[in-house]
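Below is one structure, written out as structure tokens; the observations come after it.
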Amino acid sequence: MRLQNDKVAMSDTEKFYFVLSVILGIAAAFLTYGLSILLVALAWYLHYKSEKRRERKMREKARQIRAPLLEGKSRIADLRGYDRYLPTKKKQLYQEPFRKVKNQLRNLPTEYEELWQDIKKEASECLRFLSDYNSTYFKKEQERHPEFFSGERFHDGQSFNKKQIEAILTNDYSNLVIAGPGAGKTRVLTSRVAYFVHYKDVPPERILVIAFNNNAVGEVEQRLKTRFGIEDVQVRTFHSLGLSILATSSNSSRRLSIESQRNNVIRGIIEELLEQSDEYRTKYLTHLSQWEEDEDSESSDEEEEKRIDEEFRLKEGESYFAIDGTFVKSLAERDIANFFIKHGIDYEYEKQVDWHDKNDPEKTYCPDFYLPKLDVYLEHWAVSADGKAPPFFDETEAEEYKTSMEWKRSQYEKHGKTLWETNHTMFAENELEQHLTKRLSDRGVNPTPLTYRELLAEVGLDKNASDTVQQSILTAIRAAKVYGHTPASLASRIENLSKSKRQRKEAEFILDLVLEVFSRYEQYLKEEGKIDFDDMINKAVRLLENTDTAEELDLGPYDLIMVDEFQDISYPRLKLLKELKGLFDDCRLFCVGDDWQAIYGFAGSSAHYMIKFDEWFPDAARVFLNQNYRNPPEVLDFGSEAIEDCSEKISKTLKPRKPSDDEDSVPALLIERIQARNVFGFRRKQNRIAFDSIKKLIDEGIPPPEILVLSRFNFGYADLRDACTEAEDIPVEIRRGSDTRREGVRFMSIHKSKGLEADYVFLLNVYEGTFGFPPDITSEMNFDIINPDLSKSIDEERRLFFVAVTRARKQCVVFTQKDEVSQFLVENSIYSHHYPKRIGRRFHGRVVGQTQKAYRLQAVLSPSCEVEFWAPKSVTNIQGLTNDDSLSLIEIDRWWYRDEMTKKFEELF
């Protein structure tokens with residue numbers, strides 16, 4: 001029997017045999033076997049009734065299976081309008097009944113296929129609808145709002161690419177956008193805010209945007225206001241957000257004004273413990289003696305002297321830092337401060353005074369310098385000797401500056417204070433030292449220069465082991481607070497952690513010397529009613545962890561939380577984000593960043609949290625913005641290779657922009673290999689080449705702001721900047737805080753350049769050395785035992801190199817020392833293509849010519865580089881010499897290789 005026309009029925013053959021059996025049965029009934037045949041007919045009849053019952057059962061089963069199908073279809077009916085994004089969790093919830101239906105159908109008899117064929121088809125269609133829903137939703141939204149996505153309404157006709165649109169529209173409960181350099185991530189973030197405000201009716205005050213620093217906050221606010229007309233979105237840094245959360249609590253506190261206060265307080269606690277606690281003093285001296293032994297064994301006095309000398313000479317040339325680390329506001333102020341330091345004259349920079357008139361508009365007054373032993377103040381004026389204001393001042397600024405000068409002078413005269421004055425002409429004509437020497441001599445002070453050793457001690461370079469131990473205590477406490485530890489949680493972690501040999505040493509140091517200081521410091525903050533910079537976030541996290549609803553703290557509500565530069569997040573910031581999101585039902589989190597550009601590990605940030613995003617925010621949607629609109633192919637490939645050796649990363653293939661026709665004559669990547677005897681000779685030659693190149697670009701009409709000079713350290717560009725500043729035809733950018741006072745060539749550290757770009761980038765000091773790139777500097781202790789999520793330092797340096805290179809829109813020029821080439825270049829295939837490694841004593845090559853006594857050898861150093869040279873047959877050993885073009889292994893005798901072949905290679909390269 002079979003199912004036919006939705007009913008169980010006999011086939012024609014079955015009917016024929018059934019009728020035949022009945023006839024035979026009747027006939028046989030009158031015969032001897034009639035009873036048997038009737039039994040056969042009865043069996044057929046019973047079989048038929050059984051099949052009918054089974055049919056009814058299968059129909060009931062089909063009805064039971066169809067019920068959840070119909071319920072599932074009703075639940076997704078309102079999705080047919082494609083009016084909102086479907087989050088992953090909801091999609092999975094909607095898919096569940098349809099998958100259950102298909103699983104139930106899988107085990108049912110095939111002969112009843114017609115009963116559930118339509119059910120199976122409907123379930124499959126619903127699953128397909130849900131699977132394709134969001135991609136269809138993206139298309140529908142673009143059709144509904146073409147003016148937005150084409151860029152006509154807000155972006156002057158500049159449209160979005162497919163992945164940018166996907167990033168704007170994707171609205172899962174947690175969303176991560178991985179955006180490479182030059183991919184337009186800030187545009188995507190601000191456009192996403194505008195999309196939800198203008199097209200999804202999300203009130204601006206229910207959107208929270210978290211930016212990395214105050215400058216980024218200002219940029220986001222400005223874009224939202226000027227481009228989209230949106231002003232009420234809350235844009236904050238993590239620290240200001242934490243502070244605002246604490247302000248809602250009755251236990252809110254004020255913070256220490258600057259971090260140096262924390263260091264001073266902690267040093268005071270250490271000194272107090274050394275004086276008052278015999279137990280602490282004993283432990284301190286034990287670690288101190290171990291440290292001195294380690295220092296003696298690690299490096300020779302000659303090596304240490306060389307390192308210190310290099311560090312001092314580089315510090316001396318740094319633009320806006322005096323050699324004692326004081327940050328000043330001009331090159332002239334740097335020279336004044338350095339003069340005082342070099343002559344052992346105590347000074348205080350911009351110390352606030354309280355003796356001036358309080359009713360004047362000037363609420364506070366901080367003279368440039370104060371000499372406490374002489375009770376003398378010094379003001380350095382930016383004007384020339386004849387009173388002319390700097391050329392980058394406009395008329396209003398010049399007048400305001402002169403008014404301020406007159407007010408300050410009047411205060412000294414009125415209150416009987418001594419004022420010394422210097423001006424820009426003195427600085428420009430190198431007369432500052434002469435002027436200051438005369439001033440001091442008139443006061444009976446003979447300014448005698450300190451000895452070199454005295455000077456090193458004065459600026460903190462001639463450190464003893466005790467200085468190092470105290471600095472390590474400070475570093476450990478900072479690391480603990482950045483990770484969110486309390487003294488109790490730090491102790492618990494250290495005691496319960498399995499440790500390597502190095503970590504055991506760190507653990508003993510923390511348990512013996514750090515925890516007691518850390519506890520007393522936290523007690524000091526509590527007694528004084530203060531919090532420090534890290535507490536803004538740490539205490540906010542603890543407050544949120546003990547809060548059940550947002551109403552308790554008068555927070556939000558927030559429908560959307562968006563985080564820029566997510567790669568720079570730290571552990572406490574991550575916890576703050578997770579706790580905050582959890583307070584609001586249906587709140588959507590959107591994070592954008594690039595783990596390849598995570599460069600703030602020294603501040604406790606880690607790319608690990610972005611790479612492992614799903615561990616914190618499960619079922620997160622991911623969108624990759626891989627289209628680069630900034631860098632030429634060779635520049636992007638060159639930078640990307642530095643990331644390949646990172647131990648932890650999100651793999652991605654970046655797509656460079658297409659170079660324009662007018663760029664064909666400009667090589668996108670230049671590597672200047674400079675021969676020099678030492679690092680100072682290298683820097684002099686480097687600066688001369690860079691100076692000439694910058695001048696040439698400006699002479700050719702390149703706008704000065706399109707030239708960006710970068711260095712791993714600030715002092716790395718100081719001499720070049722000074723030379724450009726003194727040159728009349730090279731404008732140099734002048735900034736006051738976040739304001740640009742004069743546009744020009746930009747000089748900055750790589751960390752400061754994050755987020756910036758320029759047509760031409762000069763990357764200085766890419767060599768192997770103490771202050772090279774990567775720098776050969778090792779800290780006393782790593783303290784990864786405190787924060788296990790921090791990246792390896794070399795990985796951080798690789799990412800920093802990537803950031804530097806990818807600032808360039810047209811050309812990147814990299815400077816390296818020929819005999820001390822950075823490992824970042826040696827490892828790079830683009831570099832080795834042009835500059836192969838030094839030829840070894842054994843190499844692969846072939847004989848391309850010979851005389852009676854010598855071979856003409858061709859060494860194959862890379863697929864694109866072959867070097868030919870003559871070598872005596874007497875010093876050459878060729879294995880497998882052939883007459884064809886195949887390669888042989890060639891070995892040169894050691895003495896000839898050492899004395900002659902190295903010279904030949906230097907001539908060739």
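The values are calculated or read from the model by the stated rules, or taken from the named source; none is laboratory data. Note that this is a predicted model, so its numbers are computed, not measured. Note that each Cβ is placed from the backbone with ideal geometry, even for glycine, and that neighbours are counted across all protein chains shown. The area values use the complete protein model at the heavy-atom level, side chains included, leaving out ligands, DNA and RNA. Shrake-Rupley method; radii C 1.70, N 1.55, O 1.52, S 1.80 Å.
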For this session: Return a yes/no flag: does segment 630-643 have any residue that is without any contact (Cβ under 8 Å) to a residue 12 or more places away in the chain and over 24 Å from Asn430 (Cβ atoms).
Result: no
Seminar exercise, completed: Counted residues in segment 646-672 being among the basic types (Lys, Arg) and at pLDDT 90 or above come to 3
Problem set entry | All positions within segment 538-580 that are buried (at least 19 other Cβ atoms within 10 Å of the Cβ) and on the phi > 0 side of the Ramachandran plot | Glu565
Problem set entry | Filter pass, Glu205 being within 25 Å of Thr740 (Cα to Cα) and part of a helix (DSSP H, G or I) | no
Problem set entry | Extreme residue, most open to solvent (accessible area, probe 1.4 Å), among residues of segment 713-734 that are in contact (Cβ under 8 Å) with a residue 24 or more places away in the chain and assigned to a loop (DSSP other than H, G, I, E, B) | Asp729
Exercise. What number of residues within segment 529-565 satisfy the criterion of being touching a helix residue (DSSP H, G or I) at 6+ places or on another chain (Cβ under 9 Å), farther than 25 Å from Asp201 by Cα and outside any helix (DSSP H, G or I)?
Worked result: 7
Seminar exercise, completed: Residue pairs qualifying under the 6 Å Cβ cut-off, at least six apart or on distinct chains, with the first in segment 676-693 being farther than 16 Å from Asp722 by Cβ and open to solvent by less than 20 Å² (accessible area, probe 1.4 Å) and the second being among the basic types (Lys, Arg) and assigned to a helix (DSSP H, G or I), are Ala676/Lys685
Exercise. Within 23 Å of Asp83 (Cα to Cα), assigned by the TED database to the domain that holds Leu560 and open to solvent by 10 Å² or more (accessible area, probe 1.4 Å) - does that describe any residue in segment 189-197?
Worked result: yes
Exercise. Say we look at segment 791-809 and pick out the residues that are touching a residue at least 60 places away in the same chain (Cβ under 8 Å) and among the hydrophobic types (A, V, I, L, M, F, W, C); which of these is farthest from Phe713 (Cα to Cα)?
Worked result: Ala808
Exercise. Say we look at segment 735-774 and pick out the residues that are among the polar types (S, T, N, Q) and in a loop (DSSP other than H, G, I, E, B); which of these is nearest to Pro705 (Cα to Cα)?
Worked result: Ser738
For this session: Tell me, please, whether a residue that is in contact with a Phe, Trp or Tyr (Cβ under 8 Å, 6 or more places away or on another chain) and open to solvent by 20 Å² or more (accessible area, probe 1.4 Å) can be found in segment 749-766.
Result: yes
For this session: Would you please name the residue that is farthest from the chain's Cα centre (by Cα), looking only at residues in segment 494-513 that are at pLDDT 85 or above and open to solvent by less than 60 Å² (accessible area, probe 1.4 Å)?
Result: Asp512
For this session: Would you check if Pro618 is open to solvent by 60 Å² or more (accessible area, probe 1.4 Å) and either over 18 Å from the mean Cα position of the chain (by Cα) or not assigned by the TED database to the domain that holds Ser174 (or both)?
Result: yes
Exercise. Within the set of pairs 6+ apart or on separate chains, which have a first residue in segment 60-74 that is modelled with pLDDT under 75, a second that is crowded, with 17+ Cβ neighbours inside 10 Å, and C-beta atoms under 7 Å apart?
Worked result: Ala62/Leu115; Ala62/Trp116; Ala62/Ile119
Exercise. Glu516: open to solvent by 60 Å² or more (accessible area, probe 1.4 Å), at pLDDT 90 or above and in contact with a Leu (Cβ under 8 Å, 6 or more places away or on another chain), yes or no?
Worked result: yes
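Kindly check whether there is at least one residue in segment 562-573 that is of a type in the set (Lys, Arg), in the same structural domain as Val235 (by the TED database), in contact with a Phe, Trp or Tyr (Cβ under 9 Å, 6 or more places away or on another chain) and within 30 Å of Leu800 (Cα to Cα).
yes
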Exercise. Residues of segment 74-90 being crowded, with 17+ Cβ neighbours inside 10 Å and touching a helix residue (DSSP H, G or I) at 6+ places or on another chain (Cβ under 8 Å), which ones?
Worked result: Ile76, Leu79, Tyr82, Tyr85, Leu86
Seminar exercise, completed: Output for Cβ contacts, cut-off 8 Å, separation at least six or different chains, first residue under 16 Å from Glu431 (Cα atoms) in segment 323-343, second open to solvent by less than 40 Å² (accessible area, probe 1.4 Å) and of a type in the set (D, E, K, R), reads Leu331/Asp722; Glu333/Asp368; Arg334/Glu318; Ile336/Asp368
Problem set entry | Inter-residue pairs, beta-carbon under 6 Å, first among the aliphatic types (A, V, I, L, M) and in segment 434-448, second open to solvent by less than 80 Å² (accessible area, probe 1.4 Å), 6+ apart | Leu436/Phe339; Leu440/Pro447
Problem set entry | Qualifying positions in segment 158-172 - part of a loop (DSSP other than H, G, I, E, B) and either within 20 Å of Thr88 (Cα to Cα) or assigned by the TED database to the domain that holds Asp83 (or both) | Thr170, Asn171, Asp172
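Check Tyr483, Tyr521 and return the single one that is touching a strand residue (DSSP E or B) at 6+ places or on another chain (Cβ under 8 Å), at negative phi and outside the structural domain of Arg588 (by the TED database).
Going through Tyr483, Tyr521 in turn, just one is touching a strand residue (DSSP E or B) at 6+ places or on another chain (Cβ under 8 Å), at negative phi and outside the structural domain of Arg588 (by the TED database): Tyr483.
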Problem set entry | Candidate set: segment 53-69, residues that are under 60 Å from the mean Cα position of the chain (by Cα), more than 13 Å from Gln95 (Cα to Cα) and of a type in the set (A, V, I, L, M); chosen: the one most open to solvent (accessible area, probe 1.4 Å) | Ala67
Exercise. Given the structure, is Lys612 in the same structural domain as Phe713 (by the TED database) and either buried (at least 23 other Cβ atoms within 10 Å of the Cβ) or under 19 Å from the mean Cα position of the chain (by Cα) (or both)?
Worked result: no
Exercise. Does Asp386 satisfy the condition of being under 29 Å from Glu728 (Cα atoms), loosely packed, with under 15 Cβ neighbours inside 10 Å, under 39 Å from the mean Cα position of the chain (by Cα) and of a type outside the set (Ser, Thr, Tyr)?
Worked result: no
For this session: Quickly run through segment 672-720 and pick out the residues that are among the hydroxyl-bearing types (Ser, Thr, Tyr) and under 18 Å from Phe773 (Cα atoms).
Result: Ser711, Tyr717
For this session: Among the residues of segment 173-202, write down those that are in a loop (DSSP other than H, G, I, E, B), in contact with a helix residue (DSSP H, G or I) (Cβ under 9 Å, 6 or more places away or on another chain), more than 15 Å from Gly593 (Cβ to Cβ) and not aliphatic (A, V, I, L, M).
Result: Tyr173
Exercise. In segment 91-105, what residues are aromatic (Phe, Trp, Tyr) and open to solvent by 20 Å² or more (accessible area, probe 1.4 Å)?
Worked result: Tyr94
For this session: For segment 139-166, enumerate the residues that are in contact with a Lys or Arg (Cβ under 9 Å, 6 or more places away or on another chain) and hydrophobic (A, V, I, L, M, F, W, C).
Result: Phe154, Phe160
